[in-house]
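In what follows, a single structure is set out as C-alpha cells and then discussed.
The values are calculated or read from the model by the stated rules, or taken from the named source; none is laboratory data. Just so it is clear, the model here is predicted, and its values are computed rather than measured. Don't worry about glycine lacking a Cβ; one is built from the backbone with ideal geometry, like all the others, and counts go over all protein chains shown.
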Amino acid sequence: MVVRLISLLSILFLATACLQTVPKDYASFRNADPKSLLIVPAVNRSLEVTAPDYFLATISRPLAERGYYVFPVYLVKRVMEEDGMSDADMVHAEDPVQLASLFSADAILYVTIQKWESQYAVFATNTQIEIDYVIKDGSTGVELWSHNQKMNYSPSQNSGGGIAGLIANAITAATEKAAPNYIPLARQANAAAFNPPHQGLPSGPYAKAYQQDMADY
Amino acid sequence: MNLKTTALVIAITLLTGCARPGLYNWGGYSNSMYTFYKNPEQKMQFTDTLLSVINTNEAAGKTVPPGIYAEYGYMMLETGQMPDAVIYFNKESKAWPEAKPFMETMVKLAKGHPKSTSSKAPIGAADVDLIQKGG
C-alpha cells in the first residue's frame, strides 16, 4: 500500500513539476541579463484575500537560490504602500521602467494569483493554486520571461475500505479544508516554475552555473 | 534495500530533484514571514528570526541571503532604532551592490528621521518624495 502510494505521488510529482513542454525563447532574457529582481505585490484573482501576502513569504528564496539579487519584499511592499501604491492592480499597470528606477532594479517580477482554493467534498478535499509569473526588463519594459504554473494537493486517501476507512477519509478531508496546505503548494509551484531547464530561469550572477547553462535556458 | 525503501528513496530524490543545493542558509525566514503576515502582532518574532539568520550566517562566515539585512534594518526603522537601521541598511549595500542606491535612500530616511519610538508609520509623504527623487 505504502509503496503504491509513494509511486503514485512520484508519478504525480513528475507529471506536474518536471513536465517538459515547448522550450522557451531566452533571447531577450540573455540579452537583458538581469542581476536583480524587484518583486511587486501580487495581483489576486482568487477569492482568498490573504493569498498575496502569504505567497510573498514564499517567493524570495527560490529566486535568490537561482542566483539573483532579490529586493527585500516586505520593505518594498511597505515603501510602495506609503507611496500610494498599495493596490497591486495599479502597480502592475504602472510603467515598469519608472517602477524599476525607484529601486534601481534590473527587472521586475509580476505575480498574478489566478487560483488559490480548497474544494471540499466530504471524503476528499482538493487544494489548488494557479500562478502567473511575468518578468519585465527594468530598462526597456520588455517582457523577458513568463510562466503559468498550476499545483494540486489532495490529502492521501485511506484505502483501507469499510466504514472506518470512509470516516478516516472524511476526517482528513475536513482537516485539509480547515487549514488548507497552501504554503507547501506555493513553494512547489515556485520550484516548478523557476528551476526546470527550457522552462525556468537561467542561473543568475550569484549561481555557479551563471552563463554556463546556455544549453538549458 | 527492500522495495519499500527503494520507492522511498526514489520519491525523495524526485521531490528534491528539481531543486539544487542551496546557495544560502535561510533559517526560519520564510515560515516566520508567513506567520507575521498571518498575525501582524508577531512582528517581534519576525524581527528576531531575521537577526538570528544574520547572526548565524555571519558567525559561520557565510553570506547572509539577499534582502535580509535590509528587512531587519526596516524593522529597526519602524521601531525607531535609527542607528541600528543605518547599520543594517549599510550592510545590505556592502553585501549586495545591486541594493546600494535603494539602501542609500533608506539610510537618508533613517538619519533624517527623529529618533522616536512612536509606532507611527516611519515613511511619510516627504520621504516618498525623497525616494522618487532617488535620494
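Testing A:Asn152 on (1) of a type outside the set (D, E, K, R); (2) surrounded by fewer than 21 Cβ atoms within 10 Å (Cβ to Cβ); (3) over 22 Å from A:Glu48 (Cα atoms), one condition comes back false. Which one is that?
Failing condition for A:Asn152: (3).
Scan the stretch A:28-36 and give yes if some residue there is facing chain B (nearest Cβ under 9 Å), at pLDDT 95 or above and buried (at least 20 other Cβ atoms within 10 Å of the Cβ), otherwise no.
yes
Does B:Ala99 count as within 24 Å of A:Arg66 (Cβ to Cβ), within 12 Å of chain A (Cβ to nearest Cβ) and buried (at least 24 other Cβ atoms within 10 Å of the Cβ)?
yes
Would you check if there is a residue in the stretch A:46-57 being modelled with pLDDT of 95 or more, touching a strand residue (DSSP E or B) at 6+ places or on another chain (Cβ under 7 Å), assigned to a loop (DSSP other than H, G, I, E, B) and more than 9 Å from chain B (Cβ to nearest Cβ)?
Yes, some residue in the stretch A:46-57 is modelled with pLDDT of 95 or more, touching a strand residue (DSSP E or B) at 6+ places or on another chain (Cβ under 7 Å), assigned to a loop (DSSP other than H, G, I, E, B) and more than 9 Å from chain B (Cβ to nearest Cβ).
Could you check the stretch A:54-67 and list, in sequence order, the residues that are in contact with a helix residue (DSSP H, G or I) (Cβ under 8 Å, 6 or more places away or on another chain) and buried (at least 20 other Cβ atoms within 10 Å of the Cβ)?
A:Phe55, A:Leu56, A:Ala57, A:Thr58, A:Ile59, A:Ser60, A:Arg61, A:Pro62, A:Leu63, A:Arg66
Any residue in the stretch A:48-70 that is over 22 Å from A:Ala207 (Cβ atoms), touching a Leu at 6+ places or on another chain (Cβ under 8 Å) and of a type outside the set (Ser, Thr, Tyr)? Steps first, please.
Restricting attention to the stretch A:48-70, the residues satisfying the condition of being over 22 Å from A:Ala207 (Cβ atoms) are A:48-57.
With touching a Leu at 6+ places or on another chain (Cβ under 8 Å) added as a condition, the list becomes none.
No, the stretch A:48-70 contains no residue that is over 22 Å from A:Ala207 (Cβ atoms), touching a Leu at 6+ places or on another chain (Cβ under 8 Å) and of a type outside the set (Ser, Thr, Tyr).
What pairs come out if I take residues in the stretch B:43-71 that are within 12 Å of another protein chain (Cβ to nearest Cβ) and closer than 11 Å to B:Gly27 by Cα and pair them with residues that are outside any helix (DSSP H, G or I) and of a type outside the set (S, T, N, Q) whose C-beta lies under 6 Å away, six or more apart or interchain?
Taking only residues 6 or more apart or on different chains, the pairs are B:Thr49/B:Gly28; B:Val53/B:Gly27; B:Pro65/B:Tyr24; B:Pro65/B:Trp26.
Test A:Tyr133 against the criterion of being away from every other protein chain (no Cβ under 14 Å), in a strand (DSSP E or B), of a type in the set (Phe, Trp, Tyr) and over 18 Å from A:Arg187 (Cβ atoms), and give yes or no.
Values: away from every other protein chain (no Cβ under 14 Å): yes; in a strand (DSSP E or B): yes; of a type in the set (Phe, Trp, Tyr): yes; over 18 Å from A:Arg187 (Cβ atoms): no.
Criteria not met by A:Tyr133.
Return the total of residues in the stretch A:62-107 being assigned to a helix (DSSP H, G or I) and hydroxyl-bearing (Ser, Thr, Tyr).
The number of residues fulfilling the criteria is 2.
Among the residues of the stretch A:167-203, which ones are within 13 Å of chain B (Cβ to nearest Cβ), in contact (Cβ under 8 Å) with a residue 40 or more places away in the chain, among the small types (Gly, Ala, Ser) and more than 16 Å from A:Gln149 (Cβ to Cβ)?
The one that is within 13 Å of chain B (Cβ to nearest Cβ), in contact (Cβ under 8 Å) with a residue 40 or more places away in the chain, among the small types (Gly, Ala, Ser) and more than 16 Å from A:Gln149 (Cβ to Cβ): A:Ser203.
Collect the residues in the stretch A:91-101 that are among the aliphatic types (A, V, I, L, M) and surrounded by fewer than 22 Cβ atoms within 10 Å (Cβ to Cβ), keeping them in residue-number order.
The answer is A:Val91, A:Ala93, A:Val97, A:Leu99.
Is it fair to say B:Glu98 is modelled with pLDDT of 95 or more and more than 22 Å from B:Phe36 (Cβ to Cβ)? I'd like the intermediate steps shown before the answer.
On the way: modelled with pLDDT of 95 or more: yes; more than 22 Å from B:Phe36 (Cβ to Cβ): yes.
It is true that B:Glu98 is modelled with pLDDT of 95 or more and more than 22 Å from B:Phe36 (Cβ to Cβ).
Tell me, which residue of the stretch A:204-217 that is more than 9 Å from chain B (Cβ to nearest Cβ) and of a type in the set (Ser, Thr, Tyr) is farthest from A:Trp116 (Cα to Cα)?
Only one residue tops the list, namely A:Tyr210.
Does at least one position in the stretch A:72-87 carry a residue that is under 18 Å from A:Gln188 (Cα atoms), at the interface with chain B (Cβ under 9 Å from one of its Cβ atoms), touching a helix residue (DSSP H, G or I) at 6+ places or on another chain (Cβ under 8 Å) and modelled with pLDDT under 95?
no
Could you check how many residues of the stretch A:74-90 are buried (at least 21 other Cβ atoms within 10 Å of the Cβ) and in contact (Cβ under 8 Å) with a residue 40 or more places away in the chain?
Going through the stretch A:74-90 one residue at a time, the tally reaches 1.
Evaluate the following for B:Met82: is it at pLDDT below 95 and either within 22 Å of A:Leu38 (Cβ to Cβ) or not acidic (Asp, Glu) (or both)?
Here the answer is no, as B:Met82 does not meet what is asked.
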